[in-house]
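Sharing a structure with you now.
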Amino acid sequence: MRTGKPYEKQQPTGFAESYARWRSNRLGQITDALEQQLLFELLGPVADKTALDVGCGDGALASELARRGAIVTGLDPDPAIIAAAQRQARIEGAQLRLVEAKAELLPFPDASFDAVLAVAVLCFVRDAERAVVEMARVLKPGGRLVIGELGRWSLWAAYRRIRGWLGHPTWRVARFWTATELRQLVEGAGLDVVEMRGAVFYPPCGAAARLFAAIDPWFGRRTTLGAAFIAVSATKPFGKVRDVASAMQGSEMKPPPILSHKHCDAPSAFTPESLLREARRQKGLSAAAVPEICVLDPDGDIVRRLRATGCADQHPGWACYHTDLYVFHHDGREYGIVGCAVGAAFAVLVAEELFASGCRLLISVTSAGQILPVQAPPYFIVIDRALRDEGASYHYLPPFDYSEADPRLIELSREALTVAGISAQVGASWTTDAPFRETQAAIDAALEAGILAVEMEAAALYAFAKACNRSVICFAHVTNQMGRVEGDFEKGIADGAEESLKVISLAAERWRAEASL
């Protein structure tokens with residue numbers, strides 16, 4: 001937690017030393033690690049992106065951004081702090097551009113940065129509203145703003161207020177924030193809030209930090225009440241765009257319909273519950289819960305294998321108009337599975353109906369085309385983020401490049417496969433709506449971005465999961481090189497069904513173990 005300075009009224013003497021003391025004790029190390037983990041989860045991938053760290057302090061966070069591949073500018077109004085950040089950057093070998101300026105008057109053109117980060121800044125600036133408006137101004141359309149602030153309703157805030165009342169110069173002037181206030185600031189600047197999370201729920205005590213650090217992220221995903229640190233992520237919507245020709249004519253180009261009139265926070269008038277209700281009425285079915293773990297099998301290979309071996313029975317109460325749900329058992333556990341739900345829109349439609357019917361974890365295993373040749377097909381990828389080159393995800397989340405998986409589900413899946421000795425990559429996929437428009441230029445761009453494979457569902461499923469707070473994990477079974485070599489599309493024994501079932505079972509068991517804690 002960046003502490004020890006009012007943003008504009010810093011006393012230079014001892015500032016760098018105060019940061020060093022904070023990070024040298026166990027409480028500071030644990031707290032900093034939790035906050036940084038939260039910030040980078042909300043910020044997403046930063047490699048090759050331009051990033052602005054407002055109120056950069058001694059440059060530790062800016063240096064971490066640079067280590068992750070960002071092109072970083074750090075900003076602070078105090079020349080002594082800028083000098084400290086320069087020293088830190090030299091020590092760590094980080095390439096930083098450091099600028100002396102105020103948050104309320106950023107010296108950059110409009111739309112200069114892909115990402116803007118501000119941590120413990122608004123608690124000390126004179127005009128927080130103006131500072132956020134400035135951050136929004138310099139953010140590119142589709143870019144990500146992450147603000148981390150000191151939470152009002154926490155033991156840390158109470159302790160700091162008392163210190164302020166007793167005359168501590170920092171905490172006497174500090175302002176503490178609620179999640180609602182931060183949301184209002186960000187939305188007032190014209191940005192779309194993506195997520196709000198908390199961290200540091202333990203009291204300011206090293207023993208408590210050591211005891212509760214492991215479960216702190218669990219609380220942070222569920223509430224901000226009691227959090228000493230609150231972080232909000234937001235994106236800048238694509239507004240009206242002017243190009244040279246239209247500007248000369250005084251006309252404006254409107255964004256395409258896929259980006260227009262999207263209100264991601266608003267409830268849908270048409271719900272899966274209402275569709276299923278009417279379907280059950282028409283089909284004469286009683287309401288019946290589906291298994292708590294369900295599988296999407298876009299290729300249909302797993303379903304065909306299960307049915308051919310007599311291992312799957314049709315679910316008697318599944319009312320979906322478009323699909324059949326089968327129930328099977330593997331290693332003594334019950335699963336539901338839907339085959340041939342190909343493509344982002346279809347996959348999300350089925351996912352909505354499954355969760356409305358009692359599903360708690362959805363696992364998707366889809367075949368995918370190789371982009372980055374990490375090994376010879378077939379093999380599995382745990383998809384941690386998916387490039388949104390489809391349409392359905394934009395109905396769930398504001399526009400930015402990737403839909404991101406729940407980091408905990410990724411880690412659980414990776415650990416499960418590693419322990420079982422199954423070779424699997426963890427990385428990004430490209431979700432497309434048009435497989436026969438995978439041009440060489442598009443493939444080259446994906447390759448340059450470090451994308452591992454191309455598939456058709458993950459971006460929409462992850463956007464749905466994030467927007468609706470659902471548990472979804474997507475695996476890509478890399479089986480082909482998009483037909484560019486002879487003998488392609490070989491999936492393995494039983495068209496890869498047996499290996500896929502093993503992957504599903506391993507991931508599900510790790511999820512069950514964690515869910516039972």
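The values are calculated or read from the model by the stated rules, or taken from the named source; none is laboratory data. The model shown is predicted, which means the values in this text are computed figures rather than measured ones. For neighbour counting, all protein chains shown are included, and Cβ atoms are generated from backbone atoms with ideal geometry for every residue, glycine included.
Which members of the range 218-232 meet the condition of being assigned to a helix (DSSP H, G or I) and surrounded by fewer than 19 Cβ atoms within 10 Å (Cβ to Cβ)?
To start, the set of residues in the range 218-232 that are assigned to a helix (DSSP H, G or I) comprises 218-220.
TRP218 - this is the single residue of the range 218-232 that is assigned to a helix (DSSP H, G or I) and surrounded by fewer than 19 Cβ atoms within 10 Å (Cβ to Cβ).
Sticking with this structure for a sec: Mind checking which residues of the range 339-383 are touching a Ser or Thr at 6+ places or on another chain (Cβ under 7 Å), part of a strand (DSSP E or B) and under 15 Å from ALA497 (Cβ atoms)?
VAL365, SER367, listed by residue number.
Touching an Asp or Glu at 6+ places or on another chain (Cβ under 8 Å) and either surrounded by 22 or more Cβ atoms within 10 Å (Cβ to Cβ) or over 21 Å from GLY44 (Cβ atoms) (or both): is that true of GLY148 in this structure? Talk me through it step by step, then tell me what you get.
Numbers: touching an Asp or Glu at 6+ places or on another chain (Cβ under 8 Å): yes; either surrounded by 22 or more Cβ atoms within 10 Å (Cβ to Cβ) or over 21 Å from GLY44 (Cβ atoms) (or both): yes.
Taking the combined requirement at face value, the residue satisfies it.
To continue, here is another question. Filter the range 390-427 down to the residues that are more than 20 Å from LYS49 (Cβ to Cβ) and either among the small types (Gly, Ala, Ser) or outside the structural domain of ARG470 (by TED's automatic domain parsing) (or both), then identify the one that is surrounded by the fewest Cβ atoms within 10 Å (Cβ to Cβ).
GLY421
Something else about it: Among the listed residues VAL121, VAL116, identify the single one that is surrounded by 22 or more Cβ atoms within 10 Å (Cβ to Cβ), touching a Leu at 6+ places or on another chain (Cβ under 9 Å) and either of a type outside the set (Ser, Thr, Tyr) or part of a helix (DSSP H, G or I) (or both). I'd like the intermediate steps shown before the answer.
On the way: VAL121 fails: touching a Leu at 6+ places or on another chain (Cβ under 9 Å).
Step by step, each of VAL121, VAL116 is checked, and only VAL116 is surrounded by 22 or more Cβ atoms within 10 Å (Cβ to Cβ), touching a Leu at 6+ places or on another chain (Cβ under 9 Å) and either of a type outside the set (Ser, Thr, Tyr) or part of a helix (DSSP H, G or I) (or both).
With (1) in a loop (DSSP other than H, G, I, E, B); (2) more than 26 Å from ALA428 (Cα to Cα) as the list, and PRO45 as the residue in question, which single condition is left unmet?
(2)
Turning to a different aspect of this structure: Please give the number of the condition GLY69 fails out of (1) over 20 Å from GLN184 (Cα atoms); (2) crowded, with 22+ Cβ neighbours inside 10 Å.
(2) is the only condition that GLY69 fails.
Condition (residue is in contact with a strand residue (DSSP E or B) (Cβ under 7 Å, 6 or more places away or on another chain) and not assigned by TED's automatic domain parsing to the domain that holds ALA465) applied to the range 161-172: is it met by at least one residue?
Scanning the range 161-172 turns up no residue that is in contact with a strand residue (DSSP E or B) (Cβ under 7 Å, 6 or more places away or on another chain) and not assigned by TED's automatic domain parsing to the domain that holds ALA465.
For the range 452-497, enumerate the residues that are buried (at least 22 other Cβ atoms within 10 Å of the Cβ), part of a loop (DSSP other than H, G, I, E, B) and modelled with pLDDT of 95 or more.
Matches in the range 452-497: MET456, GLU457.
Something else now. Out of the range 98-113, which residues are of a type in the set (A, V, I, L, M, F, W, C), over 28 Å from the mean Cα position of the chain (by Cα) and part of a loop (DSSP other than H, G, I, E, B)?
Correct list: ALA101, LEU105.
Among the residues of the range 483-494, are any under 30 Å from ARG222 (Cβ atoms) and in contact (Cβ under 8 Å) with a residue 40 or more places away in the chain? So that I can check it myself, show each step before the final result.
Within the range 483-494, the subset under 30 Å from ARG222 (Cβ atoms) is none.
Scanning the range 483-494, I find no residue that is under 30 Å from ARG222 (Cβ atoms) and in contact (Cβ under 8 Å) with a residue 40 or more places away in the chain, so the answer is no.
Next question. Conditions first: (1) charged (D, E, K, R); (2) modelled with pLDDT under 85; (3) closer than 25 Å to TYR202 by Cα; (4) outside any loop (DSSP other than H, G, I, E, B). GLU35 passes all but one, so which condition is the exception?
(2)
Right, something else. Please specify each residue of the range 288-335 satisfying the condition of being within 19 Å of ALA476 (Cα to Cα), touching a Cys at 6+ places or on another chain (Cβ under 9 Å) and not basic (Lys, Arg). Write out each step before concluding.
Filtering the range 288-335 down to residues within 19 Å of ALA476 (Cα to Cα) leaves 293-305.
Retained after the next criterion (residues that are touching a Cys at 6+ places or on another chain (Cβ under 9 Å)): 293-294, 296-300, 303, 305.
Passing the criteria: ILE293, CYS294, LEU296, ASP297, PRO298, ASP299, GLY300, VAL303.
Would you tally the residues in the range 124-181 being more than 30 Å from ASP401 (Cα to Cα), of a type in the set (Val, Ile, Thr) and at pLDDT 85 or above?
2
Something else: Spot the failing condition for LEU354; the list is (1) out of contact with any helix residue (DSSP H, G or I) (no Cβ under 7 Å at 6 or more places or on another chain); (2) surrounded by fewer than 20 Cβ atoms within 10 Å (Cβ to Cβ), and only one is missed.
(2)
Scan the range 405-424 and give yes if some residue there is in a strand (DSSP E or B) and either acidic (Asp, Glu) or more than 26 Å from LEU38 (Cα to Cα) (or both), otherwise no. If you could, list the steps in order and put the result at the bottom.
So the first thing to find is which residues in the range 405-424 are in a strand (DSSP E or B), and the list is 424.
Adding the requirement that they be either acidic (Asp, Glu) or more than 26 Å from LEU38 (Cα to Cα) (or both) leaves none.
No; the residues of the range 405-424 include none that is in a strand (DSSP E or B) and either acidic (Asp, Glu) or more than 26 Å from LEU38 (Cα to Cα) (or both).
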